[in-house]
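Before any comments, here is the structure.
The values are calculated or read from the model by the stated rules, or taken from the named source; none is laboratory data. Keep in mind it's a predicted model, so treat the numbers as computed, not measured. All Cβ positions, even for glycine, are placed from backbone atoms using ideal geometry, and neighbour counts span all protein chains on display.
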Amino acid sequence: MFSIKSFFQKSKDKIKSILSRQNQKSQIHNDLDQKLVLGLSKTKIPSLGQLRQLPKFLSIKEKRIIKILFLIIFICLIFQTGYFYLTHIKIVPASAGDYIEAVIGSPQYINPIFSSVNDVDADLTQLIFSGLLKYDNITGELKPDLCETYEISEDLKSYTFYLRDNLLWQDGEPLTVDDIIFTVELIKHPEIEKSPLRVSFIGVDIEKIDDKTVKFILQEPYTPFLSVLTFGILPKHIWEDVNLYNLNLAEYNLKPVGSGPYRVKSRVIDRDGNIKSYVLTINDKYYNDKPFIKNLTLIFFSDYNEAVNALKTKSIQGLSFPPIDLEEELLLKESLDSYPLILPKYTAIFFNQGQNQFLEDKNIREALGLAIDKNKIAQVLMKNRVKLIDGPILSNYKDYHQEISEIEFNVEKSKELIEKAKFKKEEDSEFYKKKINVDGKIEEQELLVSLTLIDSPQNTELAEMIKSFWKEIGVNTEINLLEISEIKKAIDDRNYQALLYSEILGFDPDPYPFWHSSQISFPGLNLSGFSNKEADKLLEDARIVIDKNIRIEKYKKFQEILNAEKAAVFLFQPVYDYVIDKNIKNVNISNIVVPSDRFSNINEWYIKTERQFSWNLDD
């Protein structure tokens, strides 16, 4: 019996059979096509030629989509590359480049135990040697140098220092506690009279704990003691065989071996034997981060005019503390940077009463002080590059006495004081005169004061201005200009009447070396010959007192006594400029104690840069 249902079922099965045979044929053709393609190409990846044919088989819409996708991919790659560069490639200082600086003067003793009396020696010593401690020229605080840490006993009589590991001299020899003890004992030796450090170690014992630990033991507390320990350490293995009596003649004074960031590479000497320059290079044995500037040259000039011309013509790249009149020219040059630095230093006129009997009278000393118009000096001569002062402890110290009485400019009062000292002036005379006993004879002498100073253009102008002030009150002035070498001898011998001079105080304002009566004679620095028992006691007690507030009160009382005695005329605290080429980077200086401290972070300066890869995103 014919069934419709069975008919449709048979038709359906037949159709499936036909489709299955067609699929099999299609698969066979596909397999043949793949074999054919693989037979033509060894790789399954389309060739460049095949890809070029792709656009022929794409619609316009498909082409547009592909272009947009490629643009997105390209932009992402740019951003990814930029991000990678910013996070992994850093611009860092490169170890390269040369720096040349001019300094005024010439080296004599590149030796830490002598160098503080000569700025040129101090500059070289700062670069070549290291001390237990050094100043941070950003904060102005003391920080470890050769030592890693230190401890101070509660009674302030014991200071223990622990040296860093693997300290070496520039010649490769190890630096140990023995070198520190040797240097201190050398400073203390009675035959080494020329060392200005000697007075700081009187009564100080030094003890070796082990090769890395040394202890200083004081008889009495001395609060500024840490500031003493910034001097450079000498290598015992080089200096121990030098004859003490010829220490200042040893060749190592000019061929130094230290442990600082730089070492001597070469020097230039002219036909007359004068050293014209030192070339320093990186000390590869230095314990700390090595400097970036490869070579550092100091060229020695006899005066600032030559040095300024060299800076203007780019023969040099730096100059420290040029005179104000020459400095103004340099500040106009766009290629130079200037760093204004206020040193703990003051300029004053010191009265040596033993050399001029007129100065023995306090009335005369006070009259000379009142006659000086310090504001005029600051504005006209110093172009306001100074801070006026009235005492030996400066305003940036905690011990500064704000209420100390100022010496105000007053010509009429000056004349009254001179007349009070029994001087008279005739109507046709410019200067006061007085009858005095000279070798049993009564003679009329003019009121004359000899003013001694270092011969320099700025000093000469200042002396001439002071001479005009004193002439206004009837005092004649004889200006005595001396070279630097001559002024040192005059100071050592105290051979002057009035001395126009500058004193550097150091990290601690301790006035003892400058005003205690025990320091009147060489090598002391009491330039006025000031002697006062009460002042002496205050200075002695201030050195040993532990309570800082008590110390401040003692220094204030001392300043009042000194101010009343008129032993000196305190003029100003100078502001210096360190002028340096803008190509020298990272010269961060704000606080220094002595001029050579401008080099205390020399290992951070750089001239050139380089790209450096780093995986650490926090670097």
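Assorted remarks:
- Look at region 153-167: where a residue is farther than 13 Å from Ile546 by Cβ and a partner is aromatic (Phe, Trp, Tyr) and surrounded by 14 or more Cβ atoms within 10 Å (Cβ to Cβ), sitting 6+ places away or on another chain with Cβ atoms under 6 Å, you get Tyr159/Phe216; Phe161/Tyr150; Arg164/Tyr287; Leu167/Tyr287.
- Taking each residue of region 349-365 that is farther than 13 Å from Ala567 by Cβ and looking for partners that are part of a helix (DSSP H, G or I) and of a type outside the set (D, E, K, R) with beta-carbon atoms closer than 6 Å, six or more apart or interchain, yields Phe358/Ile364; Asn363/Leu417.
- Index of the failed condition, Leu527 passing every other in (1) surrounded by fewer than 16 Cβ atoms within 10 Å (Cβ to Cβ); (2) assigned to a loop (DSSP other than H, G, I, E, B); (3) modelled with pLDDT of 90 or more: (1)
- For region 223-252, the set of residues classified as under 29 Å from the mean Cα position of the chain (by Cα) and of a type in the set (Ser, Thr, Tyr) consists of Thr223, Ser227, Thr230, Tyr252, listed by residue number.
- Selection from region 530-568 of residues that are part of a helix (DSSP H, G or I) and of a type in the set (Phe, Trp, Tyr): Tyr555, Phe558
- Screening region 153-170 for residues that are in a loop (DSSP other than H, G, I, E, B) and within 24 Å of the chain's Cα centre (by Cα) and picking the one that is farthest from Ile217 (Cα to Cα) gives Gln170.
- Considering only residues in region 171-192 that are in a loop (DSSP other than H, G, I, E, B) and not charged (D, E, K, R), the one that is farthest from the chain's Cα centre (by Cα) turns out to be Pro190.
A quick yes/no check of all residues on (1) modelled with pLDDT under 95; (2) in contact with a Leu (Cβ under 9 Å, 6 or more places away or on another chain); (3) assigned by TED's automatic domain parsing to the domain that holds Glu408; (4) among the small types (Gly, Ala, Ser):
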{"site": "Ile466", "(1), (2), (3), (4)": "no, yes, yes, no"}
{"site": "Ser485", "(1), (2), (3), (4)": "yes, no, yes, yes"}
{"site": "Ala542", "(1), (2), (3), (4)": "yes, no, yes, yes"}
{"site": "Val545", "(1), (2), (3), (4)": "yes, no, yes, no"}
{"site": "Gln559", "(1), (2), (3), (4)": "yes, no, yes, no"}
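- The condition of being under 32 Å from the mean Cα position of the chain (by Cα), part of a loop (DSSP other than H, G, I, E, B) and β-branched (Val, Ile, Thr) holds for Ile393.
- Region 118-141 - residue that is touching a helix residue (DSSP H, G or I) at 6+ places or on another chain (Cβ under 8 Å) and part of a helix (DSSP H, G or I) and, of those, farthest from Ser259 (Cα to Cα): Asp119
Residues are listed down the side, and each one gets a yes or a no for (1) closer than 30 Å to Asn137 by Cα; (2) at pLDDT below 90; (3) in the same structural domain as Gly140 (by TED's automatic domain parsing):
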| position | (1), (2), (3) |
| --- | --- |
| Asn476 | no, no, no |
| Asn495 | no, no, no |
| Tyr501 | yes, no, no |
| Leu505 | yes, yes, no |
| Ser517 | no, no, no |
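- Some residue of region 400-410 being modelled with pLDDT of 90 or more, more than 32 Å from the chain's Cα centre (by Cα) and over 21 Å from Glu565 (Cβ atoms): no
- Test set (1) out of contact with any Gly (no Cβ under 9 Å at 6 or more places or on another chain); (2) surrounded by 14 or more Cβ atoms within 10 Å (Cβ to Cβ) - Gln353 fails condition number: (1)
- Residue that is farthest from Ala310 (Cα to Cα), among those in region 92-117 that are hydrophobic (A, V, I, L, M, F, W, C) and not in a loop (DSSP other than H, G, I, E, B): Val92
- Test result for Leu481, buried (at least 16 other Cβ atoms within 10 Å of the Cβ) and of a type in the set (A, V, I, L, M, F, W, C): no
- Every residue from region 579-593 that is crowded, with 19+ Cβ neighbours inside 10 Å and assigned to a strand (DSSP E or B): Val579, Ile580, Asp581
- Filtered by the rule that a residue be assigned to a loop (DSSP other than H, G, I, E, B) and out of contact with any helix residue (DSSP H, G or I) (no Cβ under 7 Å at 6 or more places or on another chain), region 354-384 gives Asn356, Asp361.
- Out of Asn396, Asn437, sole residue that is under 26 Å from Ile504 (Cβ atoms) and of a type outside the set (Asp, Glu): Asn396
The rows are residues; the columns are (1) in a loop (DSSP other than H, G, I, E, B); (2) of a type in the set (A, V, I, L, M, F, W, C); (3) more than 30 Å from Ala96 (Cα to Cα); (4) in contact (Cβ under 8 Å) with a residue 24 or more places away in the chain.
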residue: Tyr222; (1), (2), (3), (4): yes, no, yes, yes
residue: Ser227; (1), (2), (3), (4): no, no, yes, yes
residue: Ile233; (1), (2), (3), (4): yes, yes, no, yes
residue: His237; (1), (2), (3), (4): no, no, yes, yes
residue: Pro291; (1), (2), (3), (4): yes, no, no, yes
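- Flag for Leu368 being modelled with pLDDT under 95 and either outside the structural domain of Asp510 (by TED's automatic domain parsing) or in contact with a strand residue (DSSP E or B) (Cβ under 8 Å, 6 or more places away or on another chain) (or both): no
- Condition met for Glu220 (within 25 Å of Ala122 (Cα to Cα), among the charged types (D, E, K, R) and either surrounded by fewer than 18 Cβ atoms within 10 Å (Cβ to Cβ) or under 26 Å from the mean Cα position of the chain (by Cα) (or both)): no
- Taking the criterion of being in a loop (DSSP other than H, G, I, E, B), out of contact with any Ser or Thr (no Cβ under 6 Å at 6 or more places or on another chain) and of a type in the set (D, E, K, R), the residues of region 205-220 that qualify are Lys212, Glu220.
- Taken as a whole, the condition of being surrounded by 15 or more Cβ atoms within 10 Å (Cβ to Cβ), over 29 Å from the mean Cα position of the chain (by Cα) and not aromatic (Phe, Trp, Tyr) applies to Ile544.
- Residue tally, condition closer than 16 Å to Glu185 by Cα and out of contact with any helix residue (DSSP H, G or I) (no Cβ under 6 Å at 6 or more places or on another chain), over region 214-229: 5
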